[in-house]
Ligand code: SF4
């Protein structure tokens with residue numbers, strides 16, 4: 001499984017490679033000089049084929065496995081506005097973790113299974129608390145299910161001796177105005193992750209997208225027209 005290279009959607013609607021976007025006057029008009037350079041830096045990574053697939057936790061705990069399937073098989077197209085939002089979130093992540101040691105942040109976790117591996121990066125573990133940071137425009141009244149599962153997935157992926165040391169798991173929402181922490185129950189969801197990964201693995205093997213998991217989030221899904229094989233106007 002080789003992930004498709006990222007394409008950038010220019011304000012003119014054209015699709016660019018990273019190199020083309022760097023030289024495009026229309027892209028530079030929207031995000032001048034150093035901003036476009038910063039946005040595009042390190043975006044041209046190419047994934048190499050592996051012996052068996054390695055599924056990121058984000059793809060397994062997402063609201064819809066079919067969407068994860070499309071993310072892995074379809075051309076990735078990102079418009080510059082979205083790239084700005086991602087990069088701003090990344091900058092906030094870096095700020096709030098910059099006083100932590102390398103061992104306390106971006107901790108790589110991996111669990112191996114016969115047909116695939118599951119991998120991820122824990123945002124931070126500090127004083128035996130797992131932290132998952134989410135930047136958002138609007139802080140939700142309760143943690144979103146996929147965020148809760150993501151934080152529990154990181155707990156599940158830790159070696160047993162480290163799991164035993166964890167005292168709590170927190171999902172922290174960060175908006176430009178405030179910070180809101182939520183405590184998440186400690187739960188080992190390895191079986192759930194394995195079952196989701198197996199569905200994704202079989203879908204990829206047969207080139208058959210998993211079942212739709214329809215929700216209000218379909219409205220924001222980049223693959224809506226592909227998934228439903230048509231274009232529908234949503235009513236707000
Ligand atoms: S449109 Fe809905 S059901 Fe289809 S892939 Fe996207 S999130 Fe899943």
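Values as computed for the structure displayed
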| read-out | value |
| --- | --- |
| Residues of region 82-92 that turn out to be in contact (Cβ under 8 Å) with a residue 12 or more places away in the chain and either loosely packed, with under 14 Cβ neighbours inside 10 Å or within 18 Å of residue 223 (Cα to Cα) (or both), as a count | 2 |
| Any hit, region 204-220, residues being within 22 Å of residue 60 (Cα to Cα) and more than 16 Å from the ligand (Cβ to nearest atom) | yes |
| Failed item in (1) touching a helix residue (DSSP H, G or I) at 6+ places or on another chain (Cβ under 7 Å); (2) at pLDDT 95 or above; (3) within 16 Å of the ligand (Cβ to nearest atom), with residue 193 passing the rest | (3) |
| Qualifying positions in region 141-177 - outside any helix (DSSP H, G or I) and surrounded by 14 or more Cβ atoms within 10 Å (Cβ to Cβ) | 143, 144, 158, 166, 168, 169, 170, 171, 172, 173, 174, 175 |
| Residue match in region 120-133 (condition: over 21 Å from residue 166 (Cα atoms) and either surrounded by fewer than 17 Cβ atoms within 10 Å (Cβ to Cβ) or at pLDDT 95 or above (or both)) | no |
| Meets criteria (in contact (Cβ under 8 Å) with a residue 40 or more places away in the chain, on the phi < 0 side of the Ramachandran plot and surrounded by fewer than 19 Cβ atoms within 10 Å (Cβ to Cβ)) for residue 195 | no |
| Enumeration of residues in region 210-230 that are exposed (fewer than 13 other Cβ atoms within 10 Å of the Cβ) and within 22 Å of residue 195 (Cα to Cα) | 211, 215 |
| Answer from 180, 226, 219, 212 - the residue that is assigned to a helix (DSSP H, G or I), farther than 18 Å from residue 107 by Cβ and in contact (Cβ under 8 Å) with a residue 24 or more places away in the chain | 226 |
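Conditions (1) surrounded by fewer than 16 Cβ atoms within 10 Å (Cβ to Cβ); (2) in contact (Cβ under 8 Å) with a residue 24 or more places away in the chain, marked per residue:
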| site | (1), (2) |
| --- | --- |
| 77 | yes, yes |
| 95 | yes, no |
| 99 | yes, no |
| 102 | yes, no |
| 114 | yes, no |
| 118 | no, yes |
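The values are calculated or read from the model by the stated rules, or taken from the named source; none is laboratory data. Because the structure is a prediction, the values reported are computed rather than measured. No Cβ is skipped: glycine too gets one built from the backbone with ideal geometry, and neighbour counts run over all protein chains shown.
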